[in-house]
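Remarks on the structure that follows.
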Amino acid sequence: MGDSQRTYLVVVDDSAESRVALRFAARRAAKTDGRIEVLGVVEPQDFVQFGGVQAAMEEEQRLRIEGVVSSAIGEILDESGISANIIIRQGEVVKSVRDYVAGRDEIAALVLGAAPSGSPGPLVVNFAGNDAGQLPCPLMVIPGSLTDERLEQLS
């Protein structure tokens, strides 16, 4: 499909629910001849005033996210041959996600994981609430409590 390939954007952090969303998106991409993009956001630190320190923090975040991707979906990537592009942005998380999806027609869906209990998380609250009608693509909210077997059925 080339450049028009269906892309599922997953925002990844250290939470278990983001890993569930990542596994769902990878399975969905494999079944639809698509790909995934993994967005990690480095929130600015109050004490960081030097570019070298910030660059080191961004590189550390990239390596951590690559580790999350490898551990969560490495086998799926190997088996299916889909590609995963990792993007790191700096800034406030909601604004960074909103800015990233703006004007990106190849993004078929924003895939977010919802915490299995309590608040579903700030991204889900924002994009399923206040900004629900403003996204340029569908929003998929994946319950963080889903098992791998159920993810396979649903994807």
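The values are calculated or read from the model by the stated rules, or taken from the named source; none is laboratory data. Because the structure is a prediction, the values reported are computed rather than measured. A quick note on method: Cβ atoms are made from the backbone with ideal geometry, for glycine too, and the neighbour counts reach across all protein chains shown. Areas reflect the complete protein model, heavy atoms only, side chains present, ligands, DNA and RNA absent. Shrake-Rupley method; radii C 1.70, N 1.55, O 1.52, S 1.80 Å.
A few notes on this one:
- Phi angles across the stretch 139-155 convert, under the Karplus curve 6.51 cos²θ - 1.76 cosθ + 1.60 with θ = phi - 60°, into 3J(HN,Hα) values of 10, 10, 9, 9, x, x, 8, 5, 7, 4, 4, 5, 4, 4, 4, 7, 7 Hz, Gly and Pro given as x.
- Computed label-point distance, nm, for sites residue 62 and residue 130 using a 7 Å Cα→Cβ extension: 3.1
- Most to least packed among 143-155, 111-123 [average Cβ atoms within 10 Å]: 111-123, 143-155
- Cβ-Cβ FRET estimate between residue 31 and residue 92, R0 fixed at 41 Å, reported to 0.05: 0.75
- Of the solvent-accessible surface of the stretch 73-137, computed with a 1.4 Å probe over protein heavy atoms with every protein chain present, carbon and sulfur atoms account for 47 percent.
- Chain lengthening between residue 102 and residue 75 when straightened (0.36 nm per residue, less Cα-Cα): 6.6 nm
- Stokes-Einstein D for the stretch 63-155, Kirkwood Rh over Cα pairs, 10 °C, 1.306 mPa s (µm²/s): 106
- Overall dimensions of the chain as given by Cα atoms, namely Rg and Dmax in Å: 15.3, 48
- Relative contact order, percent, the chain [alpha-carbon distance under 8 Å, six or more residues apart]: 33
- For the chain, the longest site-free run once chymotrypsin sites (Phe, Trp or Tyr not before Pro) in DSSP loop states with at most 15 other Cβ atoms within 10 Å are removed: 51-155
- Compared with the alpha-carbon gap, the fully stretched path from residue 53 to residue 149 is longer by 30.3 nm at 0.36 nm per residue.
- Leading residue at positive end of dipole, the chain (Cβ point charges), from 20, 94, 110: 110
- Accessible surface calculations at 1.4 Å, restricted to protein heavy atoms, place the stretch 70-155 at 54 Å² per residue.
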